[in-house]
Amino acid sequence: MNKGWLFVALTCVMELVWVYGFHTATAPLHFVLVVAVIAVDFYFLFRACELLPTGTVYAIFAAAGTAGTALMDLLLFGGSLSLAKLGFMALLLAGVVLLKLADGKDGH
């Protein structure tokens, strides 16, 4: 596995960790820990952008965060899932896949 893709995976996981942390934090120390996780998350994001195209990295980061947060809301926090939410998550996923496919093409 390319090191850049490892950083992408880590930044996506860390994003979900801090979103969960914000939802469940009840004490000032919890929020300090969430901020620490955000700092680690952005370190992984920075490293991924050094090794891979920034647009691809950010698209995956945003899509994984959006879909992951919506699913976490549904599965862990009793949220709802509508057809519109599913459609927009599918649109995000399609955008990420198409962006990745476009990265492989030479623009010259």
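The values are calculated or read from the model by the stated rules, or taken from the named source; none is laboratory data. No experiment lies behind these values; they were computed from the predicted model shown. Cβ coordinates were reconstructed from backbone atoms using ideal geometry, including for glycine residues, and neighbour counts include every protein chain displayed.
Among the residues of segment 17-40, not a single one is closer than 25 Å to Leu101 by Cα and either assigned to a helix (DSSP H, G or I) or touching a strand residue (DSSP E or B) at 6+ places or on another chain (Cβ under 8 Å) (or both). When Leu93 is tested against (1) at pLDDT 85 or above; (2) part of a helix (DSSP H, G or I), just one condition goes unmet, and that condition is (1). In this structure, Val8 does not satisfy being surrounded by fewer than 18 Cβ atoms within 10 Å (Cβ to Cβ) and assigned to a helix (DSSP H, G or I).
Listed here are the residues, each with its yes/no results for (1) surrounded by 18 or more Cβ atoms within 10 Å (Cβ to Cβ); (2) under 9 Å from the mean Cα position of the chain (by Cα); (3) farther than 28 Å from Leu86 by Cβ; (4) of a type in the set (Phe, Trp, Tyr).
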residue	(1), (2), (3), (4)
Gly4	no, no, yes, no
Met14	yes, yes, no, no
Thr24	no, no, no, no
Val32	no, no, yes, no
Phe46	no, no, yes, yes
Cys49	yes, no, yes, no
Ala63	yes, yes, no, no
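For (1) touching a Phe, Trp or Tyr at 6+ places or on another chain (Cβ under 9 Å); (2) free of Cβ contacts under 8 Å to residues at least 12 places away in the same chain, each residue gets a yes or a no:
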residue: Trp5; (1), (2): no, no
residue: Cys12; (1), (2): yes, no
residue: Leu29; (1), (2): no, yes
residue: Asp41; (1), (2): yes, no
residue: Leu45; (1), (2): yes, no
residue: Pro53; (1), (2): no, no
residue: Thr56; (1), (2): no, no
residue: Gly68; (1), (2): no, no
residue: Leu71; (1), (2): no, yes
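Part of a helix (DSSP H, G or I), more than 16 Å from the chain's Cα centre (by Cα) and touching a residue at least 40 places away in the same chain (Cβ under 8 Å), is that true of Leu86? Here the answer is no, as Leu86 does not meet what is asked.
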